[in-house]
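Data block below; observations after.
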Amino acid sequence: MKIFFLLGLFLPSIAWTSGINTEPGEAHDHSHSGMHSHDHSSHEGHLHETLVDGKELEVDPERFDKFIEGLADSQIAVVSVNGMVCDFCARGIEKTFKKDKSVKRVDVDLSRGKVLVAYNNRKVIDFEEIKLKIVSNGQNATDLQILDI
């Protein structure tokens with residue numbers, strides 16, 4: 001109950017300070033000008049930030065585009081991780097995943113708490129297996145999103 005009360009107090013002020021118009025029926029701007037450098041009018045090689053199920057991808061768009069560059073016939077596991085606080089954490093996770101022969105590429109984004117893992121298409125991605133790899137490094141995997149590219 002406290003969470004809902006706090007959200008009720010803070011969400012309107014966040015919307016106001018960010019310039020979002022919260023009045024029903026009035027138009028507001030969804031432009032991405034100045035946020036990142038790729039072209040949103042072109043769909044070639046571009047994965048949008050919103051998935052089919054309505055969930056937000058929650059990754060840095062430029063970092064993600066660089067990660068998938070040159071990958072084909074792959075699956076991307078986007079893993080949300082709690083407890084990653086330093087470069088040592090990131091390197092440990094990378095080393096653990098790179099031992100798996102089906103892994104093509106790994107990227108750890110400490111600032112967003114995300115691990116991107118590119119697997120070949122033959123791999124059956126198992127969240128329990130991923131959780132074990134993450135916990136062996138002292139962190140906790142909390143969510144998994146899978147994208148086919």
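Answer yes or no: is there a residue in the stretch 49-62 that is in contact with a helix residue (DSSP H, G or I) (Cβ under 7 Å, 6 or more places away or on another chain), assigned to a loop (DSSP other than H, G, I, E, B), modelled with pLDDT under 65 and of a type outside the set (V, I, T).
Yes; the residues of the stretch 49-62 include at least one that is in contact with a helix residue (DSSP H, G or I) (Cβ under 7 Å, 6 or more places away or on another chain), assigned to a loop (DSSP other than H, G, I, E, B), modelled with pLDDT under 65 and of a type outside the set (V, I, T).
Considering only the stretch 123-142, how many residues are over 20 Å from S74 (Cα atoms) and of a type in the set (A, V, I, L, M, F, W, C)?
Looking only at that region, the number is 4.
Which count do you get for residues in the stretch 94-119 that are of a type in the set (S, T, N, Q) and surrounded by fewer than 13 Cβ atoms within 10 Å (Cβ to Cβ)?
Result for the stretch 94-119: 1.
Could you list, ordered by first residue, the pairs with Cβ atoms under 7 Å in which the first is in the stretch 98-118 and outside any strand (DSSP E or B) and the second is among the acidic types (D, E), at least 6 apart or interchain?
R112/E58; R112/D60
Collect the residues in the stretch 77-110 that are within 11 Å of the chain's Cα centre (by Cα) and of a type in the set (S, T, N, Q), keeping them in residue-number order.
The one that is within 11 Å of the chain's Cα centre (by Cα) and of a type in the set (S, T, N, Q): S80.
Taking I68 as the residue in question, decide whether it is hydrophobic (A, V, I, L, M, F, W, C), modelled with pLDDT under 95 and touching a Ser or Thr at 6+ places or on another chain (Cβ under 7 Å).
Judged against the criteria, I68 is not a match.
The values are calculated or read from the model by the stated rules, or taken from the named source; none is laboratory data. Not measured: the values here are computed from a predicted model. Positions of Cβ are generated from backbone atoms using ideal geometry, with glycine treated the same way; all protein chains shown enter the neighbour counts.
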